[in-house]
Amino acid sequence: MPKGSRYERELVDLLWKSGFAAVRVAGSGSSSHPAPDVIAGRGKTLFAIEVKYSSGERIYLGKEEVNDLLSFSNRMGAKPLIGVRFRGTEWRFLDPSLLKERRNTYLIEREEVIENGIRIQEIL
């Protein structure tokens, strides 16, 4: 099983345990249409989530990846989030508008996520 899908499944399980309905989106990243990795909802709250994991100190996201998340979220009426977990940390969530922009990518740094990322309890 590819590493990315393992963490997508882990996040879906956590979201269910936290009271959300959540599913992985089959073929996300390989479809001709924008699609997030996970869609989760609870009542009238709906999230489109791009999932990222790293055993290092940084995660880089392509601008197209973020733009696709924003496009999908806008069409669906969902709040876009980046679900991030670094090895040894709990899941945190970032609003894409807060990402650090580089030339062709966005940068997510471990310490910044630990300090500023939203815990799952906070999105409830």
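Here, each number is a calculation from the coordinates, and none is a lab measurement. What you see is a predicted model, and the numbers here were worked out from it, not measured in a lab. Ideal geometry is used to build each Cβ from the backbone, glycine not excepted, and the neighbour counts take in all protein chains shown.
Below are the figures for this structure:
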| item | result |
| --- | --- |
| Some residue of the stretch 74-95 being among the hydroxyl-bearing types (S, T, Y) and either under 19 Å from A22 (Cα atoms) or assigned to a helix (DSSP H, G or I) (or both) | no |
| Boolean, S71 is among the polar types (S, T, N, Q) and either touching a strand residue (DSSP E or B) at 6+ places or on another chain (Cβ under 8 Å) or farther than 22 Å from L124 by Cα (or both) | yes |
